[in-house]
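So the structure is just underneath, and the comments pick up after that.
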Amino acid sequence: MTIMESNRFDLIVVGAGLAGMTAAATAADRGLRVALVSTGFGMFVFGAGCIADQPLAPSDRPDLVDEAIGFFTEFSRQAGCPFEGTMDRPVHLPTILGSFQTVSLAPFYLWNGTKAERAAVVGIEGLSSFDATFVCERLNADAKHRGQTTTYTPFQITLSHEDGVFPSTLQFANRFDRDARFRQELVDALKPVARSADVIMLPGLLGLRSRQRDIAQLEKSLGCGLCELPTLPPSVPGLRLSNALERHLRQMGVEFLSGFPVSELTFNGRHCDGVVVATPGRPRRLSATSVILASGPFSAGLLGGQPSGFDDNLRPLAQDGAALGDNLYAIGALLSAGRGRAGNQRAILTGYRAGKLAAGQEGRYAAR
Amino acid sequence: MRQDDVNLDNCLKCSDCNSVCPMLAANPAYAGPKHLGPELERLRREGLPCDNDWVEYCLGCHRCDLACPNQVNVSELIAAAKARHAKPLVRKVRDFWFARPGLLGRILSIAPTLSNALLGAKVAKFGMKQVMQITSKRTFPAYAKPDLTVPQATGAEAEKVVFFPGCAIRFNQPELARSIAALLQRNGFDTTVSPAGCCGIPALANGDLEEARQRARANIESLGRLVAEGKKIVTSCPSCGHMLKAGMAGLVDDDPMMESKARQIGEQTYDLAELLMTRSDQGKLDTAFRQEPVQLAYHAPCHQTSQGIGRPWYHLLRQIPGVRIEDLDAGCCGMSGTFGFKEEKYETSMAVGQRLFDRIREAGPDIVVTECATCRMQIEHGAKVTVVHPAELLLKAYGGQSETPRR
């Protein structure tokens, strides 16, 4: 058996958002030993991970979108949280604001939102920031305006909760994960609604760790499709996606170091030889053949300030126009700092490309 | 990771902390780390009365600290509030003892046979439940004579290290110290056992800040000298390790000299597996393992995860031929040291652990391995499986006889 060094990796990815996770998956899939260093959940806590077709610059390599999205779709399927849809067919998903969001791909638990003819929008007694009547009023008006035939009807259900406990989607999600009685209660409350609808839309609360089979089971009991509408943070569907992707990456052999910020990138000339992680007691130095920065728009400080630009291989450039590191890549929102919206499509595209670039260099340490 | 002191504006209310809190997941009525930590801290700093029974329910697992994208020291804010929390006399008396496992251990290990008979007696359990609000559903760990003489390595090249045993090893499992010294000896370390007492984490967890500070000062005094001589401190209990690395300096920050010494100790503290992994990295780990055909399941204790050292035991054990090992990755066990012994918290402690128990049942291992003594207690109690410290398995794979009786 190969003995591996505990602080030495083929690739270190900094940041566990959609871009970082895609990069880690791409590289691990190609046999690299990958470490993923992160703090927090990235954008997962704010949304559901839907992918929209957004304008790309030629340097983003739009020609690779299909390949990258294809890889990600397969990755999400293996992680037990499959995405539905294709890039060339945009669809409109309802939101809790009663508007439609144009996306091309979405996790399966949102996708029924595209299939509804007679939708029931279900509010929950006592749950703030979700008003089914308001959502339906706006969706119906918007649908009519768009010439769609779908109708949205508001319902209100009551779910038990302890006295004095303020209902929240996080609380319902935890109970969904842990308590079979709660899942039954949900079925009982939704059954009358299911009779008059083909899709039930409800605030995102179907568990933080639930699998596809759990949600399918619920749909089967109801005889009706379900569609979650992501709520204010923390977004339960987003956290579920994050948990599923992390679980799968761990199975692929990716080492997670979550909770500790990277304080420094270390260089040997124009070669990034690792990162310093601010761990308790003493900082931990990790070395790597390649480093991918996926830590969001506010982490440019790690590069010593806003880079002068990026080359065609996603490498941040120094003042002199040369790459800061021949093996250092920037992806996702960090790459887009000052260049308008990043978007999940770009996160996946650049994550996939950087993962491949890192894998193009020979992996010296076998993944196990 | 926690910052030492934090501007409360760092909390953006994103609720990442709430979404990873094991207590909130098991107990919907719990107020949650965001509210008990940074939100109430604003009011506490204004001097407003907002004492709250829920602060007692924080497990101190540090998962909120690790989840925070903005490095707010959430659990430390709750621990400080816990220290100011007013509780009824009975619980005060009980928690006085729970905060002092060192003192309790010294008394109970004078005549361990008698102590164990007493602690196990039905009538004593009934009494402790009635008078002290200690649950009768659990069994206290057996106490032993604290004999910590360990084998000495020979040879001039052996690196001298100091083993910080912690209360669980000192008073309940002293034979584990011998196993650990044997492991270290095999890998070129000469071990002496530190006479230092409790690390102070139980005091902090029971809201006894003054006792935690005293423990910290005593340990800085005794370990500081050894570190100054260039010795590394080795821990095998993740909570002791977490305390020495991440907690101690903050307890003595009123004294810059002490604080700086505490940081030096933290810098030189190594988890046992972390240290053995450095040997492995240098290609110097003794890998003369015999075949051990066994299916293991590894539970990473919270205070292991919070040290940021990865999963060294998981990687060490998988170097043994024949070992199949699965990382359970199922969160906190819910024991949190003495928390699970408290009558009013027993049910909730078991509810927190349910996810882990279910996961173990699904994995169906021969043996569960985990470094933390109270995690082992909880898993044995909740999942009814054999649970051992990973050091025992490593020693066994070397052909050495682990002296630890299976419990």
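The distance between label points at B:Asp255 and B:Asp53 comes to 3.8 nm (points 7 Å beyond Cα on the Cα→Cβ vector).
Nearest 20 debye, what's the magnitude of the dipole of segment B:335-407 about its Cα centre given +1 on Lys and Arg Cβ and -1 on Asp and Glu Cβ?
60 debye
Amide H contacts for A:Leu257 (H built 1.01 Å from N in the peptide plane; partners 5 or more residues away or on another chain; cut-off under 5 Å): A:Leu36, A:Val37, A:Ser38.
Picking from A:Ala288, A:Ala173, A:Ala143, which is most flexible by a Gaussian network model of chain A using Cα springs under 10 Å? Most flexible of the set in this elastic network: A:Ala143. Averaging the Cα positions of each part gives two centres, and for segment A:1-63 and segment A:197-222 these lie 28 Å apart. Across peptide A:227-236, the mean count of Cβ atoms from other chains lying within 10 Å of each residue's own Cβ comes to 2. Couplings for segment B:343-360, taken from phi via the Karplus curve 6.51 cos²θ - 1.76 cosθ + 1.60 with θ = phi - 60°, read 3, 6, 10, 4, 4, 5, 4, 5, 5, 4, x, 3, 4, 5, 4, 4, 5, 5 Hz in order; Gly and Pro are left as x.
Per residue of B:23-32, how many C-beta atoms from partner chains lie within 10 Å of its own C-beta, taken as a mean? Don't skip to the answer; put the middle values down first.
Working: counts 0, 4, 9, 4, 3, 14, 7, 2, 1, 3.
If you average over the peptide's residues, the count of other-chain Cβ atoms is 5.
For A:Phe9, the amide hydrogen comes within under 5 Å of the amide hydrogens of A:Ser287, A:Ala288, A:Thr289, counting only partners 5 or more places away or on other chains and with H modelled in the peptide plane.
Among the GluC sites (Glu not before Pro) within segment A:133-218, those in coil by DSSP and having at most 16 neighbouring Cβ atoms inside 10 Å are A:Glu162. Of interest is the spacing of the C-alpha centroids, which for segment A:76-112 and segment B:51-86 amounts to 37 Å. Scalar couplings 3J(HN,Hα) for segment A:317-327, obtained by applying the Karplus form with A = 6.51, B = -1.76, C = 1.60 to θ = phi - 60°, are 9, 7, 3, 7, x, 8, 5, 4, x, 5, 10 Hz; x denotes Gly and Pro.
Each of B:Tyr398, A:Thr169, A:Val277 was scored by the projection of its Cα onto the charge dipole of the protein assembly as shown, and the greatest displacement toward the positive side belongs to B:Tyr398; charges sit on the C-beta of Lys, Arg, Asp and Glu. Residue farthest toward the positive end of the dipole of segment B:239-294, with Cβ of Lys/Arg at +1 and Asp/Glu at -1: which of B:Leu272, B:Met243, B:Thr287? It is B:Thr287. What is the average number of partner chain Cβ atoms found within 10 Å of a Cβ in A:272-283? That average works out to 5. About the centre of its Cα atoms, the protein assembly as shown shows a dipole size close to 1700 debye [charges on the beta carbon of Lys, Arg (+1) and Asp, Glu (-1) only; nearest 20 debye].
Karplus-based coupling profile of segment B:38-50, in residue order and whole Hz: x, 5, 6, 4, 4, 6, 4, 5, 7, x, 7, x, 9, with θ = phi - 60° in 6.51 cos²θ - 1.76 cosθ + 1.60 and x standing for Gly or Pro. GNM, chain B, Cα, under 10 Å: largest mean-square fluctuation among B:Ala300, B:Ala181, B:Ala228? Among B:Ala300, B:Ala181, B:Ala228, the largest mean-square fluctuation in the Gaussian network model of chain B belongs to B:Ala228.
List every residue whose amide H lies under 5 Å from the amide H of B:Val193, counting only residues 5 or more places away in sequence or on a different chain, with H placed 1.01 Å from N in the peptide plane. Excluding prolines and chain starts, which carry no amide H, the hits are B:Phe163.
Report for the protein assembly as shown the percent antiparallel among DSSP-assigned beta bridges with both residues inside it, nearest 5. In the protein assembly as shown, DSSP labels about 30 percent of beta bridges as antiparallel. When shorter helices are ignored and each DSSP H run of at least 4 residues is given -39500 (n - 2.57), the per-residue value for the protein assembly as shown at 222 nm works out to -11000 deg cm²/dmol. Of A:His145, A:Ala106, A:Leu32, which is farthest along the charge dipole of chain A in the positive direction, counting Lys and Arg as +1 and Asp and Glu as -1 at C-beta? In chain A, that residue is A:Leu32.
Just to be sure I understand: with springs between alpha-carbon atoms less than 10 Å apart, which residue in B:Met132, B:Met23, B:Met335 has the highest mean-square fluctuation in the Gaussian network model of chain B? So, out of B:Met132, B:Met23, B:Met335, the one fluctuating most is B:Met132. Residue ranges A:178-184, A:130-136 sort as A:130-136, A:178-184 when ordered by packing (mean number of other C-beta atoms within 10 Å per residue, highest first). The modelled label-to-label distance between A:Gln306 and A:Arg146, using points 7 Å beyond Cα along the C-beta direction, is 3.6 nm. Peptides A:276-284, A:6-14, B:70-78 ranked from most to least packed give A:6-14, B:70-78, A:276-284, packing being the mean of other C-beta atoms within 10 angstrom over each peptide's residues. Taking a ≥ b ≥ c as the square roots of the eigenvalues of the Cα gyration tensor, an a/c ratio of 1.5 or more together with a/b larger than b/c marks segment A:1-139 as prolate.
Against chain A, whose longest principal axis is taken from its Cα atoms, helix A:236-251 shows a tilt of about 40°.
Values quoted throughout were computed directly from the atomic coordinates according to the rules given, and no laboratory measurement underlies them. Source: prediction; values computed, not measured. Note: ideal-geometry Cβ built from the backbone for every residue, glycine included; neighbour counts use all protein chains shown.
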